[in-house]
Amino acid sequence: MSSPSSFAYKILAFSGLLAPGLTFLIAVSDTSMERKTVGLLLISLIYAAICVWAFLKDKEASSVKAAFVHLPAVDGGDGSEDRQIDEKLQVLGEASAFFGSTLKSEDMFRLVSSRVGEIVPFDASVLMLPDDERRRLSAAHSEGIGIDDQPTADVGIGPAGMAFLSGEIELGDTVEPSGNNDRPYAAVAALPLHHKDETFAVYQMYFSEPISDREKLLELLRPVAEKIAPLFLGAKALDESLSNALTDPLTDLPNERAFYLVLETQVAESQRFAAERPLSVVVADIKGFDDANRIFGHATGDNILRFTGETMRAILRRMDFLARSSGDEFLILLPTADERTADDIVARVREGFAATAFQLSEHESTKIWLNFGIAAFHKDGDTSQDLLQTARARKQQAKSEDPANIVWSGEEYLN
């Protein structure tokens, strides 16, 4: 039996062939011009009505067809669709061998979502990673309508939480809307990603229509999960290696290498936009830090460094970039800040430390004081090296003008 859509196409095609013939016959007939006009008008109206009817029939057939998630056939008769799916799965496998750990997780997520969407069409996707305690999953990357709020899930609860706990693919039904989506998704599939029999992430797909055949979908998703797990694992390893290479392990701040990378970018922007894009660099260190290390020990010295980094990060603007260089030196990048703005920010940092005590022990506290050097783009240099060199020289000058009349004691750190 022909579908409503194919029947409508046949009627439309037949009328499309018939209309020109009738038009020709009327045009060459001996009837009056008025009757010819009426006849041609009737043919046009009838053909337009047939077109509208065929469009509505096709739309009706499409809505019926879309009532279920469209899945490629597992048993494709001649095997053509099976071969297409195998080829797309093979592409995922080749991507794993080709890219290895050369793509960051964000880029890998986009690549995987694009390829998986060709095998199992979905409306949105999200990569969920566990916290350190492996009790809660949070979205690391997502794309699609309705997941702007970055979903989370407790392990063992919901499709993603159950997939992470069981290690098996979980299918779910209605998913409540979030973000800008005003209607819920009709189905969700959560794919656990394994490495050495341990789940390290969950790749979750959302569907706007119900799943027509759960077993067929599971049969498709199992090899997909196996193919994409190495891709995300390699991207995760690259993210971690990049983070370790650019992070100071003691303070968890960016290190000097990371600072240089960001500084080079900001300097390039300031060179491009000149006076419209001011930029300042600040170098700071801790007064009397070597004495504190000697008196209280390196463990306390490490705690002082962490405290200094945390305090400065809380005071600085959100756009500012703070890094630890070496020893007790910290580097601060102040985008859009001219010399006057930089002075104001440094003054605010001084006030913050003056109002915040560092706990030496349960009953003893002290204040931390800092030396600062500031350099402004263009006025003090047009390159990263010039700015850092000038800021460090001014910091040393400030130290020499304010000799270290610091007395570290168990009671108070006096300036």
- Message: I need V281, V262 ordered by Cβ neighbour count within 10 Å, fewest first.
- Response: V262, V281
- Per its Cα gyration tensor (rounded if a/c is under 1.5, else prolate when a/b beats b/c, else oblate), segment 230-376 is best filed as oblate
- Once the Cβ-Cβ distance between I295 and S400 is put in as r, and R0 is 30 Å, what FRET efficiency do you end up with, to the nearest 0.05? 0.85
- In the structure shown, do any of K88/K196; K196/K227; K216/K236; K104/K196; K287/K367; K88/K216 have a Cα-Cα gap over 19 Å, and if so which? K88/K196; K216/K236; K104/K196
- Item | Residue-count net charge about F259 - beta-carbon cut-off 12 Å; Lys, Arg +1, Asp, Glu -1 | -3
- Note on the structure: Shape call for segment 198-279, from the Cα gyration tensor axes a ≥ b ≥ c (a/c under 1.5 means rounded, otherwise prolate when a/b beats b/c, else oblate), comes out prolate
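Where a number appears in this text, it was derived from the coordinates with a stated rule and is not lab data. As the structure is a computational prediction, the values presented were derived from the model and not from experiment. Every residue, glycine as well, gets a Cβ built from its backbone with ideal geometry; the counts of neighbours run over all protein chains shown.
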